[in-house]
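Read-outs throughout are calculated quantities, based only on the coordinates presented, and are distinct from any laboratory measurement. Everything quoted here is computed from the prediction, not taken from an experiment. Positions of Cβ are generated from backbone atoms using ideal geometry, with glycine treated the same way; all protein chains shown enter the neighbour counts.
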Amino acid sequence: MQITPEIVKKVASVARLKLTEKEVKEFTPQLSEILDAFSKIDEVDTKSTKMSIQPVELRNALREDIPGECLSVEDALKNTEHKKDHYFKGPKVIE
Amino acid sequence: MKFSGDVVVGLEIHVELNSETKLFCSCPRKEKENELPNSRCCPTCLGMPGSKPVLNKAVIDFALKLCLAMKCKIAPELIFSRKSYFYPDLAKNYQVTQYELPLGSEGEVALSSGKKVGLTRIHLEEDPASLVHNGGVQQSASVLVDYNRSGNPLAEIVTKPEMNSADEARDFMKQLITILGYLEVFDVNNGIIKADANVSVKESGYSRVEVKNITGFKEIERALNYEIARQKRDVSEGKTIAVETRGWDADKGLTYSLRSKESEEDYGYIIDPDLIVTEITPDWIDRINAEMPELATEKLKKFLDDHGIEETTAQVLSKDKKLAEMYEAVSSKVDSSLASKWIRRELPRVLNYQKKTLEESGITSEHMISLLTLISGEKITEKIGQQLINKLGEGPYDVLDYVKKEGLSVVAGESELEILCGEAIQEAPQAIEEYKSGKEKALNYVVGIVMRKTKGQAKPDVVMKVLKKLID
Amino acid sequence: MSNEQIVSEVESLNKEYRYLNEVSIQESSAKGKLSGVCVSVKDCIVVKDMQSRAGSRVLTGYSPVFDATVIQKVREQGGTIIGKTSQDEFGFGSFNTNVGLGLNIPLNPFDKTRCCGGSSGGAAGLTQKAGFHHIALSESTGGSIVCPAAFCGVYGLCPTYGLVSRYGLMDYANSLDKIGPMAKKVEDVALMLEVIAGYDEKDSTSVKHEKEEYSSFVGKDISGMKIGVIKESLGEGVDPQIASTIQEKIAVLESKGATVEEVSLPLNNSYSLAAYYLIAMCETSTNLSKYCGMRYGKHESLEGSFNEYFSGVRSEHFSAEAKRRIIIGTFARMSGFRDAYYIKALKVRTKLIEEYKKTFESYDVLISPTMPVIAPTFSEIGQMSPLDHYRMDILTVGPNLAGLPHMNIPAGFSKDMPVGLMVIGNHFDEGKLLQIGKVLE
């Protein structure tokens, strides 16, 4: 399909990426070419084929409902630069 | 979809399931007293790079109970997906939920009117973190995030748009709470239950408005009544009702428009490749079926048809699993109308006064059987019975021992009383004459004689009644 | 060698070749199979208290509060951890040139104008150059172990999906990622696999496979083994000198009693690249969402709405290739497109696995060159479009997509650069790969 600069910008914004005009210009033909090449899988008949979510057959990995150890609050917050009174601090949620 | 009602309401309800640990990690689910923010977390529920989810088996048991109680079809496989959107309360900026194949589908719940409300789906998902806005959402320049709740197990129950009033929506919630209480999959006292409602009115041509984040089932009715009135008023003022998402402000008691962008998000679901398929085998469903308690609707039917107790009483008892079970145990030993009356009225009165739950009070069906057997055998008066149950409210004790020790039992039944009354009539001919000539009070003297004969353990009103019968 | 000597050797190597993002020694007090062995760790595997960035600036400063399961196992066996090796950002590349912003590109040990291969380039280069007893922990999503091993002339084994726990691996694509060893000797590959393989209840995709003595396969006779040579891998687009080097090695295998036949994998040859990249990009675009400057890694000052803040951090600190993959992955799973790309790719994957499984009914192992070219020069790489770049993985994506174990075996040289032979086994047939590896030593 034809990828336009508008599509690139729209998808980028869904993914919370703000592209520069230069990036949009660079990415648009690249992504067009890549998606065209990937569309090749259309040729494969998969009408009665199941999905393989993982490459090996995997079933039923369940955990018993028994409490385990938690991190200390210090470790939980160790890697954030934005914290206050044992809370993480995040950006405001209203525009 | 074609609608006919004046008002059309559908609900999406999130119920926090009552497991010990979170959905995908072994952090405790329950809030601890005076816990610090971010003290009930691990790499998984904080979304730390390198962490991985592992599914909690008990949560599936709980969800299966819920599906069976609501007569859902159960999927043969449990698969989780990633719902992608960015928000500060999401540890990974995606929520692990179910998309393609919900655990339960096509269920139903009966309202108290008997009307059945269809369910589209029941699925499992993880709870986001809690946000604290200093000085309110609008003013706060940043948000504080506590991941203690992050990853808690939620069941999402989605109804068909088949309710036709705020009242029905509230009733649905009440039925749901009763079922949850019976299944013991939800902490009725501390658990979180939230609802999103979609509501539309005939006047607007059923333009669908979603009202998000209504906490607690009592709020449902308020929020819907407000929203229904708003839509009708707007239509009557010539405004069009936009298809939109609105928030519910419980403090101000009104709904408000959320930015349309927030409802347009493309979630880009993929199957979570960190999790694998769980097979819901027929054996598993059989096991859950075997563990299923008798539900409120079944109990109600039994109370009405087999026990023949009065309808309102039967409804009150069947709503509360603990009361219903106590009634069943007690009525196997004691007359069912006496048992139902006391367990519906006297017991809740005492618990209410003591501000205790039934478990906390320690009152058992054995206590109630002792007490009610004494009353039905007329060994004690109802008045004494009330004193005894009040005392049970303060703390459990041996009812029979206490009655014996304190000499509270009624000395005799009516037949024995008749003999004593006969004697007393012979002993006080003058008083009898006065009574016969119209002096009612004269009989009190004779009652006194009888009371002396019984050492005070007869019921004066009964004595009076027996005397009158003998004289007349 | 003392720790000081190791540090000084690693640091001087690093100055010249830039193999590590982080040089840091963590010794273990335990005694075991890895006592006296230095273990380098690909940057995407978390090591407690050691900066772990998965080669990305967005993870600057991330100091994990827990160990990956493989790290815990290395410590239990007495291994000394020496640092974090360079990689393409999150594994996004085949040349280790797509490093995160501000990070260094490692240089090929045989020719500094050429790349190491990727994405585990630092691991391969260091394995080739280290003068002390060293085994690398590397990781492959679509060929990231065997490709750099081929370009740097070392052994690299990517195990069956699920054999080695991914707990503590910072995800590129969860249904494709595998941790595996790289070493200069087959024995060391087997040794490390013995240490890290095994079921882990912390990783739901971990497989309950019986424990195996991988070392016992090294040196085992291969006579009677049936080997399939993948026809498409030696034809068009493959450096003729590479093809002839592989043919020489095939002759060696025949001389040791193996039967060799040509096999064809037409579906994999045509569709594995597209199916692989679609699945990898869809998964990675969700994995990378968590990097937003709130809980770890790069932070900015908290200004603007959450959308502005998250977009700012992500746009500033992801490199161009990460952005491309996030955008393609996000697009391919958007409603309206997900059936045609994402869901379709998962179904095609089933077909491709079936093709391999059918082939393994007749053959013990399959053989092809690891890469169709020798390590390209940096200027050659500069000429490639992103799609050209992806196409370099044509031979390695198949076994990765199917979760099959595969190993690079140094096979000789072309233009003084190493040539790698790739041997692919059926699920859990790592032992056979080690047998072949030793025979071709």
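Think of chain C as a dipole: +1 on every Lys or Arg Cβ, -1 on every Asp or Glu Cβ, centred on the Cα centre; then among C:Ser138, C:Phe310, C:Pro240, C:Phe310 lies furthest on the positive end.
Distance between Cα centroids, the range B:372-392 to the range C:1-67: provide it in whole Å. About 79 Å separates the Cα centre of the range B:372-392 from the one of the range C:1-67. Along the Cα-to-C-beta direction of B:Glu310, a point sits 7 Å from the Cα; which residues of the range B:340-367 have their amide N less than 17 Å from that point? Answer for this model: B:340-349. Applying the criteria of a DSSP loop state and at most 11 other Cβ atoms within 10 Å to the trypsin sites (Lys or Arg not before Pro) of the range A:1-51 yields A:Lys47, A:Lys50. Remark: for residue pairs B:Lys194/B:Lys252; C:Lys357/C:Lys438; A:Lys18/B:Lys92; C:Lys220/C:Lys256, the C-alpha separation exceeds 22 Å in C:Lys357/C:Lys438.
A simple packing score, the average count of other Cβ atoms within 10 Å per residue, orders the peptides C:104-115, C:77-88, B:354-365 as C:77-88, C:104-115, B:354-365, with the highest score first. Listed by chain and number, the lysines placed with their C-alpha closer than 19 angstrom to that of C:Lys415 are C:Lys112, C:Lys249; residues fewer than eight positions away on the same chain are left out. Toward the positive end of the charge dipole of the range B:95-172, with +1 on the Cβ of Lys and Arg and -1 on the Cβ of Asp and Glu, the farthest Cα among B:Thr120, B:Tyr147, B:Asn164 is that of B:Asn164.
Taking the range B:15-33 and a reference point 7 angstrom along Cα→Cβ of B:Glu360, the backbone N atoms nearer than 19 Å belong to B:31-33.
Peptide B:80-89 shows a mean partner chain C-beta count of 5 within 10 Å per residue C-beta. Placing +1 on each Lys and Arg Cβ and -1 on each Asp and Glu Cβ, with no other charges, gives the protein assembly as shown a dipole about its Cα centre of roughly 1260 debye.
Let me have the 222 nm mean residue ellipticity of the protein assembly as shown computed from DSSP H runs of 4+ only, each contributing -39500 (n - 2.57), with the sum over all residues rounded to the nearest 500.
Numbers: 35 runs with 382 residues, N = 1008.
So the helix-based figure for the protein assembly as shown works out to -11500 deg cm²/dmol.
Summing charges over neighbours of C:Asp111, with a neighbour being any other residue whose Cβ is under 14 Å away from its Cβ, gives +1 when K and R count +1 and D and E count -1. Remark: chain C carries a charge dipole of roughly 540 debye about the Cα centre, counting +1 on each Lys and Arg Cβ and -1 on each Asp and Glu Cβ. Counting charges near C:Ser362 (Lys, Arg +1; Asp, Glu -1) among other residues having Cβ under 15 Å from its Cβ returns a value of -2. Here the simple spin-label model places points 7 Å from the Cα toward Cβ, and for B:Tyr445 and B:Arg345 these points are separated by 3.8 nm. Summarising the label geometry, the points placed 7 Å from Cα in the beta-carbon direction at A:Asp42 and C:Ser8 lie 6.4 nm from one another.
Counting only other chain Cβ atoms within 10 Å of each residue's Cβ, the peptide C:278-284 averages 3. R0 = 30 Å: FRET efficiency of A:Val24 with B:Ala141, Cβ-based, nearest 0.05? So the FRET efficiency works out to roughly 0.45. Relative to the Cα centre, the charge distribution of the range B:1-57, modelled as +1 at Lys and Arg Cβ and -1 at Asp and Glu Cβ, gives a dipole magnitude of about 320 debye. Along the axis of the charge dipole computed for chain B (Cβ charges of +1 for Lys and Arg, -1 for Asp and Glu, origin at the Cα centre), the listed residues B:Ala329, B:Ser81, B:Asn390 are led at the positive end by B:Asn390. Figure legend: label point modelled 7 angstrom from the Cα of A:Ile66 along Cα→Cβ; residues of the range C:191-226 with amide N under 19 Å from it are C:199-204. Computed log10 I(q)/I(0) for chain B at 0.07, 0.08, 0.10 Å⁻¹: -0.53, -0.65, -0.87, from the Debye equation with unit scatterers placed on every C-alpha and solvent omitted.
Rounded to 0.05, the FRET efficiency of the A:Lys84 and B:Gln387 pair, given R0 = 56 Å and the Cβ-Cβ distance, is 0.50.
Look at the stretch C:307-317: the mean tally of other chain Cβ atoms within 10 Å of its residues' Cβ atoms is 5. Excluding C:Ile343 itself, what net charge comes from residues whose Cβ is under 12 Å from its Cβ, given Lys and Arg +1 and Asp and Glu -1? Its environment carries a net charge of +4.
With contacts taken as Cα pairs under 8 Å at a separation of at least 6 residues, the range B:7-285 carries a relative contact order of 25 percent.
Over 22 Å between Cα atoms: which of C:Lys185/C:Lys432; C:Lys202/C:Lys358; A:Lys40/B:Lys83; B:Lys65/C:Lys208 fall into that group?
Details: C:Lys185/C:Lys432 16 Å; C:Lys202/C:Lys358 32 Å; A:Lys40/B:Lys83 27 Å; B:Lys65/C:Lys208 30 Å.
Check vs 22 Å cut-off fails for C:Lys202/C:Lys358; A:Lys40/B:Lys83; B:Lys65/C:Lys208.
Among C:19-27, C:348-356, C:171-179, how do they line up from the highest to the lowest mean number of other beta-carbon atoms within 10 Å?
Numbers: C:19-27: 19.4, C:348-356: 21.9, C:171-179: 26.7.
Result, highest mean Cβ count within 10 Å first: C:171-179, C:348-356, C:19-27.
For the pair C:Glu354 and C:Ile25 in one chain, pulling the backbone fully straight at 0.36 nm per residue adds 114.0 nm over the alpha carbon distance.
For C:Phe413, the amide hydrogen comes within under 5 Å of the amide hydrogens of C:Val419, counting only partners 5 or more places away or on other chains and with H modelled in the peptide plane. Pairwise Cα distances in the protein assembly as shown exceed 36 Å for 60 percent of all pairs. If R₀ is 41 angstrom, what is the calculated FRET efficiency for the pair A:Glu74 and B:Glu244, using the beta carbon separation as r and rounding to 0.05? Calculated transfer efficiency: 0.40.
Here is the list for the range C:4-79: trypsin sites (Lys or Arg not before Pro) lying in DSSP coil, each with at most 15 other C-beta atoms within 10 angstrom of its C-beta, are C:Lys31.
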